[in-house]
Amino acid sequence: MVKMSVDPVQVMSGQVNELKVTPSSNGESRGPWEEKEFDQDHLGLTTKPKSPKPENAVTIAVSSRVLFRTEREQKVFEQKGVEEYLQYQVEHENEPFAPGPAFPFVKALETVNSRLREMYPQSEELFDIVLVTYNHAHVGIRLINTINHHNLFIERFCMTGGSSPIGYLKAWHTNLYLSADAEKVREALAEGIAAATMFMPEKLTEVSESQLRVAFDGDAVLFSDESERIFKAHGLDKFFEHEREHEDTLLDHGPLKGFLEALGKLQKKFYAKGHRLDCPIRTYLVTARSAASSGIRALKTLRAWGLEIDEALFLAGAPKGPMLEKIRPHIYFDDQMFHVEGAAEMGTVAAHVPYGIAQKQPCKKSTNA
Amino acid sequence: MVSTVRNPEAKQKDAQRALVVALTCQELFHLGGAEVSSSEPYAPGVAFPLLQAMQVVNERLLELNPEETLLFDVVLLAADCQQHQDRIIATTRHYGLDVSRFCFCSRDEFTHLLLRERTHLFLCTDARQVATASHTGVAAALLQPAPSRPTQQLRVLFCTDPADRPGTSQQVCQVAGLLGAMRSRLGVACGALSIILLTVQGGRESCGRALLTLRSWGLGVDEAYCLAGAPGGPALSLLAPHILFPDGSALQA
């Protein structure tokens, strides 16, 4: 098992970015005096910031069942039907839901947003969290009350009352959709929207409140499932042989490549202001590939895509749970339920990406790439 | 000269208990360019899918309760169409449309007729006519052109954002109450009628207030969308309502 930082730590000495008049990453040329004036205008104001235009923001759509805990209500629905379920919701309208598996992730996104707003007050390059639920609008008041209670910045939502929200996901240029329902996630993936199914772990390890940490599996998540297909059809040796032969051929992209790209763009905004060391976004690759062999192709592919990943962890088949427990990501994406469950057992919030060859075969509790 | 003709083919509703909806003849059928002498039925117009959806709602309500009196009671208003009178009635029969009565009048008697027929809701694609009706004291809403994917479900949309020329809230409140009662009778699981709330400019606070206001008027909402400034056009085409209540200033009270 090798731990490697893909990007060596850079010491930014002698750079005084803050005082230079630079065309900032948000595309505007502002003199520092202009920014200062603007900041002073905002001192002491308690007005809510405006929501960014969907095409400018990194839109994260979450369903009500992953943002909050709704198990009790689910039971009412399953056992007593929709009318009783809605009545129950209305009766408990003033009781906020408890946080769900996506809650720490959303809170971390908001932390990043506050820092981005401090540094780039005019920019709309922010995270925009939207609530996308199949729930009936009778639950609307309770959801709004809950958002208020937890002080979340969610101003956009759709409660479709049962019909598919895919159209709205597309209209809002959704970069990531998180749901508790695998079918809905599959539908989104089929439409080219990065999506994953989230589960509530029994225990939740504490995660950072100041740094957003997102971890990705490699094959069938960031990359396509082409290599996994080789492994499943022909075994480990053939897999290694294939990867070695194709070391200089780029892997095809997977469903979450775009999301990593979006994170990278925001990271660069922090780097531009001298915050590489304390960047509040950190990304991880956690793969069963081996550093010395099959991992090389993965790294070369990332480099060719111009994507930076902060830490690449090559486990060479070792279980991912303990490593994830050390990293403490707010979310970890994997295409195999085996790994998702393993992560959850150790308290990591893991999300399943139902993509690729792994979905067509039952889970094997064996070493796999 | 106003003449009211009952449609003998349609079951007459109890006008005191029904939700009286007025449509214009020019929008239910394609009248323009047709030869006066022809006896062919007119082609369906922009209001046709709406009327069909309202009929389905009526059918469902009667299935649940054959004695149901809270039904859509459709009045067809025909201004300056006297010469088409027989053909209009014949076309209505031809399609088996559930239109209770026809009112033939001249253009300046139009709004008077709306009031006389105790119209709860006047529907039209023309925003100015809608505004005029509202100012006269009749709740009015925009009739939307047929969506690309036709639906059997009657979709009624309330927009939270204030329109340029606000209408009277009292009449909208009354219609909302009647629609709400209809919706409750159908039951949540019934897909014949969907009440939609759309907040374009505002955020969750606006939307929340509107939900509570509609609830206080007796109308439960099925679908709620809050755009917080995101483009309204794409959302509207996805939502594809038949009826759009454009002014939501009353919903922000």
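The values are calculated or read from the model by the stated rules, or taken from the named source; none is laboratory data. Note that the structure is a prediction, hence the values are computed from the model and not measured. Please note: Cβ atoms are built from the backbone with ideal geometry, for glycine as well, and neighbour counts cover all protein chains shown.
Which residues, taken from the range A:167-193, are surrounded by fewer than 19 Cβ atoms within 10 Å (Cβ to Cβ), within 14 Å of another protein chain (Cβ to nearest Cβ) and not acidic (Asp, Glu)?
A:Gly167, A:Lys170, A:His173
Would you point out the residue of the range B:213-228, among those that are surrounded by fewer than 18 Cβ atoms within 10 Å (Cβ to Cβ) and among the small types (Gly, Ala, Ser), that is nearest to the other protein chains (Cβ to nearest Cβ)?
B:Ser216
For the range B:72-81, state whether one or more residues are farther than 15 Å from B:Leu123 by Cα, free of Cβ contacts under 8 Å to residues at least 40 places away in the same chain and outside any strand (DSSP E or B).
Within the range B:72-81, one or more residues are farther than 15 Å from B:Leu123 by Cα, free of Cβ contacts under 8 Å to residues at least 40 places away in the same chain and outside any strand (DSSP E or B).
Mind checking whether some residue in the range A:192-206 is over 25 Å from B:Arg215 (Cα atoms), among the aliphatic types (A, V, I, L, M) and part of a helix (DSSP H, G or I)?
Within the range A:192-206 (the criterion being over 25 Å from B:Arg215 (Cα atoms), among the aliphatic types (A, V, I, L, M) and part of a helix (DSSP H, G or I)), the answer is no, since none of the residues qualifies.
I'd like the full set of residues that are more than 19 Å from A:Ala57 (Cα to Cα) and over 18 Å from the mean Cα position of the chain (by Cα), limited to the range B:200-216.
B:Glu205, B:Ser206, B:Cys207, B:Gly208, B:Arg209, B:Ala210, B:Leu211, B:Leu212, B:Thr213, B:Arg215, B:Ser216 - these are the residues of the range B:200-216 that are more than 19 Å from A:Ala57 (Cα to Cα) and over 18 Å from the mean Cα position of the chain (by Cα).
Tally the residues that are within 24 Å of A:Gly162 (Cβ to Cβ) and over 19 Å from the mean Cα position of the chain (by Cα), restricting the search to the range A:97-141.
Qualifying residue count for the region: 9.
Of everything in the range B:200-211 that's farther than 16 Å from B:Ala235 by Cα and more than 7 Å from chain A (Cβ to nearest Cβ), which residue is surrounded by the fewest Cβ atoms within 10 Å (Cβ to Cβ)?
Among those residues, the one meeting the criterion is B:Glu205.
Would a scan of the range B:28-42 turn up a residue that is surrounded by fewer than 21 Cβ atoms within 10 Å (Cβ to Cβ) and either modelled with pLDDT of 95 or more or touching a Leu at 6+ places or on another chain (Cβ under 9 Å) (or both)? Show your work before the answer.
Just the residues of the range B:28-42 that are surrounded by fewer than 21 Cβ atoms within 10 Å (Cβ to Cβ), to begin with: B:30-41.
Next, from what is left, pick out any that are either modelled with pLDDT of 95 or more or touching a Leu at 6+ places or on another chain (Cβ under 9 Å) (or both): none.
No, the conditions are met nowhere in the range B:28-42.
Yes/no matrix, rows are residues, columns are (1) in contact with a Gly (Cβ under 7 Å, 6 or more places away or on another chain); (2) surrounded by fewer than 22 Cβ atoms within 10 Å (Cβ to Cβ); (3) small (Gly, Ala, Ser):
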residue: B:Leu77; (1), (2), (3): no, no, no
residue: B:Ala90; (1), (2), (3): no, yes, yes
residue: B:Ser106; (1), (2), (3): no, yes, yes
residue: B:Thr125; (1), (2), (3): no, yes, no
residue: B:Leu154; (1), (2), (3): no, no, no
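Would you be able to tell me the number of residues in the range B:229-239 that are within 10 Å of chain A (Cβ to nearest Cβ) and either in contact with a strand residue (DSSP E or B) (Cβ under 8 Å, 6 or more places away or on another chain) or in a strand (DSSP E or B) (or both)?
Final tally of qualifying residues: 3.
Check off (1) facing another protein chain (nearest Cβ under 10 Å); (2) assigned to a loop (DSSP other than H, G, I, E, B); (3) in contact (Cβ under 8 Å) with a residue 40 or more places away in the chain for A:Pro96 and give me the number that stays unchecked.
Only one criterion in (1) facing another protein chain (nearest Cβ under 10 Å); (2) assigned to a loop (DSSP other than H, G, I, E, B); (3) in contact (Cβ under 8 Å) with a residue 40 or more places away in the chain is unmet by A:Pro96, namely (1).
For B:Asp86, which of the numbered conditions (1) assigned to a helix (DSSP H, G or I); (2) within 26 Å of B:Ala133 (Cβ to Cβ); (3) of a type in the set (Asp, Glu) fails to hold?
That leaves (2) as the condition not met.
So, in the range A:135-163, exactly how many residues are in a loop (DSSP other than H, G, I, E, B) and more than 10 Å from chain B (Cβ to nearest Cβ)? Walk me through it before giving the result.
Taking the range A:135-163 as the starting set, the residues that turn out to be in a loop (DSSP other than H, G, I, E, B) are A:135-136, A:150-155, A:160-163.
From what is left, the residues that are more than 10 Å from chain B (Cβ to nearest Cβ) are A:150-151.
Of the residues in the range A:135-163, 2 are in a loop (DSSP other than H, G, I, E, B) and more than 10 Å from chain B (Cβ to nearest Cβ).
Filter the range B:210-228 for residues that are more than 16 Å from B:Gly177 (Cβ to Cβ) and assigned to a loop (DSSP other than H, G, I, E, B) and give the result.
B:Asp222, B:Leu227, B:Ala228
Identify, from the list B:Leu197, B:Leu244, the residue that is under 19 Å from the mean Cα position of the chain (by Cα) and within 10 Å of chain A (Cβ to nearest Cβ).
B:Leu197 is the lone residue from the list that is under 19 Å from the mean Cα position of the chain (by Cα) and within 10 Å of chain A (Cβ to nearest Cβ).
For the range A:242-257, give me the residue count where each residue is part of a helix (DSSP H, G or I) and loosely packed, with under 15 Cβ neighbours inside 10 Å.
So the count comes out to 2.
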